[in-house]
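None of the figures in this text is laboratory data; all of them are computed from the coordinates on show. Computed from a predicted structure; not experimentally measured. Cβ placement follows ideal geometry from the backbone for every residue including glycine, while neighbour counts extend to all protein chains displayed.
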């Protein structure tokens with residue numbers, strides 16, 4: 001599956017290459033950052049973080065990321081991209097079961 005497939009329905013595609021893709025989706029005034037990575041390495045991690053920096057400067061907005069509480073891999077990724085834990089939110093999943101989401105925030109710095 002390619003990044004374009006993984007990012008369908010997740011806002012406006014802002015960046016895409018063979019290694020990763022980034023989109024932003026406006027959700028109630030918050031810029032939700034979606035990132036799908038095909039290949040992973042320390043170099044790609046730096047390129048992805050640099051691209052998020054660049055996109056935030058261009059769009060002049062804070063960005064938010066959401067992970068299921070306890071999803072260590074996703075939370076680790078958000079942390080490496082410069083997001084900081086903001087709050088946990090209780091909600092229901094598609095089946096109507098309890099779900100706790102961890103919301104992460106990446107502040108725009110002019």
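Spacing of the modelled spin labels on residue 88 and residue 44, each 7 Å from Cα toward Cβ, amounts to 3.1 nm. Using helices alone, what [θ] at 222 nm do you get for the chain, with -39,500 (n - 2.57) per DSSP H run of 4 or more residues, divided over all residues and rounded to the nearest 500? Using -39500 (n - 2.57) per qualifying helix, the result is -8500 deg cm²/dmol.
Here the residues 23, 102, ranked from fewest to most Cβ neighbours within 10 Å of their Cβ, fall in the order 102, 23.
Once the Cα atoms are used to define both axes, helix 42-59 deviates from the longest principal axis of the chain by about 80 degrees. Top mean-square fluctuation among 21, 11, 29, Gaussian network model of the chain, C-alpha springs under 10 Å? In this elastic network of the chain, the residue with the biggest mean-square fluctuation among 21, 11, 29 is 29.
Looking at (i) 100; (ii) 112; (iii) 125, which value of volume of the Cα convex hull per residue in Å³ comes from a calculation on the structure shown? Correct label is (ii).
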